[in-house]
Amino acid sequence: MTELIGIWIGAFLTLCIFSFLYKDNPFFRFAESLFAGISLGYYIGIVAVNTLVPNLFRPLFGDFVGHAHLLIPLLLGLNLYTRFIPKIAWMARISLAVYIAYYVGINMVQKLQGEVVPQVGSTILNPIGGRMTPVDNLILIVGVLSVLIYFYFSIEHKKAVGVISRVGIWFLMLGFGAAFGYTVMARVSLLIGRMNYLFIDLLHTTADLL
Amino acid sequence: MFWKLRLPLLLTLFVGAVPIVTFFLTEHTPVIGPAVPFVRDRVESYMVIIAGFALLLGVVSVVQGSIRKIERRRPGWPFAISLLTGLLVMGAFGILSAMRVGPFQGLLTAPDGSDTPFYWMTRNMFNPLQAAMFSLLAFYIASAAFRAFRVRNVEATILLAAAFVVMLGRTPLGEYVFSWLPGGERWLPQVTDWIMAVPNAAAQRGIIIGAALGAASLSLRVILGIERSYLGVKE
Amino acid sequence: MNLERLVHIDRRIIYLLIALGTTIPLLLPIGLPVSSTPPVERLFDKIEGLGQQEVVLVSFDYGPTTAPENNPMAQATLRHCFTRGVKVVVVALFPIGGVTMAGEILEGVAGEYPDLEYGVDYAFLGYKDGAQAAMKQMMGNAFAEVFPQDFFGTDTNQLPLMRRVVNHEQIALVVSFSTNIIGEWWANLVNAQYGTPVAVGTTAVSAPKYYAFLDSGQMLGLLGGLKGASEYEQLLIDAHPELMTIYQQAGIYTAMKGMDAQTVDHAIIMLFIIFGNTVYFLVQRRDARRKQHQA
């Protein structure tokens, strides 16, 4: 019975959201605000169950002496919330600095070692071998260089640089056109999922349970 | 001044250097070798926990804002009540699931196969709401394509042509278009594959390289304390 | 002909046509055939070639927003692994619904294989915050450091599978089903730093970008959107016909069934673009003629 009630609640909320296509209305606003609240409540649940309990509270309270060092992330994490107390809001900068610095450090290595070097390497190394034909490799090299030159705004795009930039724009248009086609595919897929839920899942589940 | 600015900047420098330095050093490095995996692993495990606390920062902001809206009866204040109700009920279910109290035995199904209250709300409210919200985009993209996609110049024509080839070629329709010709059912899909693998890859690679260099330089600026906006400091 | 009315068609007519174009093929399937592409075939061949003791790490990095695209990919890949007898470790790194998607899909697919034993043939470690930090720690150090317990609260080191899967050295392949940037982090962080082969099944929005990673070898295979999912399903059924019964069940959503609606909607949108541009050119021509007459 709870499954039946649940799926009909889901269908009702879906239709509340879809009602916005006709015009803005209180049903949509209600569903929208409920969505915002439930999403945040969901975060609380998954963070508590999947991170805070197994990685912090269980080891800390299970064997305090052996895991006393976990007080450091606990205090740093709680310190983030001092930003909501105006008198001591500056203290949150300490935790923010640690948190952001680490991910910025990872990001730097990731971008250079994981993106720039392999992407440049696969462009210029082995231009007549590999999986693609030599012509395709040449087109790829021309494309990458012309796009990079297009994005170099420190010199005026005139004469030779202007011509190469124009080629770069054409490659970008091909890429954006492909991206648009795939974006249409993605958006339509989401709608297919919802329509499948409303017209197939809902009716099948209702028929099975009644 | 030290506590409010200099200390955070020093912490940024040292903590930001950890993933970079430990990338190049290993436990076999002379002298400091044994400390490398210890520092790296400790910092990584701490970041997983701090990320959890950071994710919940938004909850406090939203609760504060909603309460203020209800107190001052701002336009749309009744909907703030539904927001807070959803948050409190789902959040309470989540915390009780973490404590494994009564019927709240985790985030999915209970040992007897029935849905836990948290999972029931996830399946019947969270999932449909989120999916429906994003599925509206299908309608908007169709409407926007009709109204705004105009072939005004050479570049727009190239974009439209590529979009059409991909939209046709990535569906079974693409095989039917030229199927009346011998071997024609593979033409459009193969042209689509070529567009994706060559010119599209070239354009995306150029964007990736440019963006990655920009991101790396911004990262260096943050670590060195040149960029301070993340601390709320006005330059 | 009133061209202004044609240019300003009520958008709700467009919405209605899209809704019908999506719903009717779902209720009355056409059954259009699906053919595969090299990026999908490469992932398929990799899993097909794995030995029975090799381990695949599957990461659920998406939520309900892209479930219609990612769910069929995840189901097909897990079915493929379980049919081949390959061991699977499942994690989730996407905060907005990743772990519940992972649990649902794994429960459903594992239920189709009654001989599978949890903890021996597959393990579900759950969700962890921190994404990149979690990736680095589990692949570079140990899974048990990031996931001291599995999703059900059992100590990770008590699971027979996890006693031999320590870090990246025991992982033959990572497959990430992603909705955003986490998919490319597996390639530019894990593959770059540890050399582990990575394949990504991603929403179609991200797929064009990932062709650059595919070409550089940082990604071994790519499933792009619903089309990629339908290709993998077709390859799976061609190689393992016994799975056809699952995909032919009434009321079960599959990517192959979704492709009918996808095709119709693509055709509708393309017709609207052609129609819009035709009206645009007619208006341009009419205005040019009017200017000429006035002059």
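Using every alpha carbon pair in region B:153-223, what percent of pairs falls into each 10 Å bin from 0 up to the bin containing the largest distance?
Histogramming region B:153-223 at 10 Å steps yields 19, 32, 24, 14, 8, 3, 0 percent.
Based on DSSP H runs of at least 4 residues, each adding -39500 (n - 2.57), what is the mean residue ellipticity at 222 nm of chain C after dividing by all its residues, to the nearest 500 deg cm²/dmol?
Helices in chain C give a 222 nm mean residue ellipticity of -16500 deg cm²/dmol.
Taking each residue of B:89-97 in turn, how many C-beta atoms of other protein chains fall within 10 Å of its C-beta, and what is the average?
Across the residues of B:89-97, the mean count of other-chain Cβ atoms within 10 Å is 6.
What would the Debye formula give as log10 I(q)/I(0) at q = 0.10, 0.15, 0.17, 0.18 Å⁻¹ for the alpha-carbon point model of chain B, no solvent?
-1.05, -1.15, -1.18, -1.23
Whole-Hz ³J(HN,Hα) for each residue in region C:48-57, computed from phi via Karplus 6.51 cos²θ - 1.76 cosθ + 1.60 with θ = phi - 60°, x for glycine and proline: what do you get?
Once θ is set to phi - 60°, the couplings for region C:48-57 become 4, x, 6, x, 6, 9, 7, 10, 10, 8 Hz.
With each label point set 7 Å from Cα along the Cα-Cβ vector, what nm distance links C:ILE274 and A:HIS67?
For the pair C:ILE274/A:HIS67, the computed spacing is 6.4 nm.
What is the set of long-range amide H partners of C:TYR118 at a cut-off below 5 Å, with H atoms built 1.01 Å from backbone N?
none
Given the DSSP H assignment, sum -39500 (n - 2.57) over each helix run of at least 4 residues in chain A and divide by its residue total; what's the result at 222 nm in deg cm²/dmol, nearest 500?
It comes out at -22500 deg cm²/dmol, rounded to the nearest 500.
Kirkwood-based Rg over Rh for region A:127-210 (C-alpha set), two decimals?
Here the Rg-to-Rh quotient is 1.38.
Using +1 at the Cβ of each Lys and Arg and -1 at the Cβ of each Asp and Glu in region A:127-210, identify which of A:THR133, A:SER154, A:ALA207 lies farthest towards the dipole's positive end.
It is A:SER154, whose Cα lies furthest towards the positive end.
Counting only other chains, and only Cβ atoms inside 10 Å, what mean value do you get across the residues of A:163-169?
Across A:163-169, the average partner-chain Cβ count within 10 Å equals 1.
Over region C:158-295, what relative contact order in percent results from Cα pairs under 8 Å that are six or more residues apart?
About 15 percent, as a whole number.
Under 1.5 on a/c is rounded, so check that first for the protein assembly as shown, then, if it is not, pick prolate when a/b is larger than b/c and oblate when it is not; a ≥ b ≥ c are the square roots of the alpha carbon gyration tensor eigenvalues.
The shape class here is rounded.
Starting from the Cα of C:LYS291, draw a straight line to each of the aspartates and glutamates and keep only those under 19 Å, dropping any in the same chain fewer than 8 residues away.
C:GLU4
Does region C:38-253 come out rounded, prolate or oblate, given a ≥ b ≥ c as the square roots of the eigenvalues of its C-alpha gyration tensor, rounded meaning a/c under 1.5 and, failing that, prolate meaning a/b above b/c?
In terms of gyration-tensor shape, rounded.
Using θ = phi - 60° and the Karplus form 6.51 cos²θ - 1.76 cosθ + 1.60, what ³J(HN,Hα) does each residue of region C:17-27 get, whole Hz, x for Gly and Pro?
With the stated coefficients, region C:17-27 comes to 5, 5, 4, 5, x, 8, 6, 4, x, 6, 7 Hz.
For a distance above 18 Å, tell me the whole-number percent of Cα pairs in region C:207-268 that qualify. Mind dumping the intermediate values first?
Working: 934 of 1891 pairs.
When all Cα pairs of region C:207-268 are counted, 49 percent exceed 18 Å.
In whole Hz and in residue order, list the ³J(HN,Hα) couplings for region B:183-192 that follow from phi through the Karplus curve 6.51 cos²θ - 1.76 cosθ + 1.60, θ = phi - 60°; x for Gly and Pro.
After applying 6.51 cos²θ - 1.76 cosθ + 1.60, I find x, x, 5, 9, 4, 5, x, 5, 4, 4 Hz.
Given H placed on each backbone N at 1.01 Å, which residues far from C:GLY126 in sequence or on other chains put an amide H within less than 5 Å of it?
Sorted by chain and number, the residues that satisfy this are C:ALA92, C:PHE151.
Return the FRET efficiency for the residue pair A:LEU209, A:TRP90: r is the Cβ-Cβ distance, R0 is 56 Å, and the value is rounded to the nearest 0.05.
Details: r = 57 Å, r/R0 = 1.02.
According to the calculation, E is roughly 0.45.
What percent does the relative contact order of region A:127-210 come to when contacts are Cα pairs within less than 8 Å and at least six residues apart?
Computed value for region A:127-210: 20 percent relative contact order.
How do the peptides B:175-182, A:162-169 rank, highest first, by the average count of neighbouring beta carbon atoms within 10 Å per residue?
Sorting B:175-182, A:162-169 by mean packing, highest first, produces A:162-169, B:175-182.
Mean separation of Cα pairs under 8 Å and 6+ residues apart, divided by the residue count of chain B: what relative contact order is that in percent? Mind showing how you got there, number by number?
On the way: 121 pairs, mean separation 32.3, N = 235.
The normalised contact order for chain B reaches 14 percent.
Here is the link list: B:LYS69/C:LYS209; A:LYS23/C:LYS209; C:LYS136/C:LYS257; A:LYS158/C:LYS209; C:LYS46/C:LYS136; C:LYS46/C:LYS257. Which ones come out longer than 31 Å on Cα distance?
From the list (B:LYS69/C:LYS209; A:LYS23/C:LYS209; C:LYS136/C:LYS257; A:LYS158/C:LYS209; C:LYS46/C:LYS136; C:LYS46/C:LYS257), the Cα-Cα distance tops 31 Å for B:LYS69/C:LYS209; A:LYS23/C:LYS209; C:LYS136/C:LYS257.
Please give the per residue volume of the convex hull enclosing the alpha carbon atoms of chain A, rounded to a whole number of Å³.
Looking at chain A, the number lands at 316 Å³ per residue.
Straight distance only, please: which lysines reach the Cα of B:LYS4 with their own Cα at less than 24 Å, same-chain residues fewer than 8 apart left out?
A:LYS87, B:LYS234
Counting helices only, and only those DSSP H runs with n ≥ 4, report the 222 nm mean residue ellipticity of chain B as the sum of -39,500 (n - 2.57) divided by its residues, in deg cm²/dmol to the nearest 500.
-22000 deg cm²/dmol
In debye, nearest 20, what is the charge dipole magnitude of the protein assembly as shown about its Cα centre with +1 on Lys and Arg Cβ and -1 on Asp and Glu Cβ, if you could check?
Values: 53 positive and 49 negative charges, 737 e Å.
Magnitude of the dipole: close to 3540 debye.
Once you have a ≥ b ≥ c as the square roots of the Cα gyration tensor eigenvalues for region C:146-270, tell me rounded if a/c is under 1.5, and otherwise prolate or oblate according to whether a/b is larger than b/c.
Verdict is oblate for region C:146-270.
Readers should treat all values here as calculations from the given coordinates under stated rules, not as data from a laboratory. No experiment lies behind these values; they were computed from the predicted model shown. Counting neighbours? That spans all protein chains shown, and the Cβs are built from the backbone with ideal geometry, glycine included.
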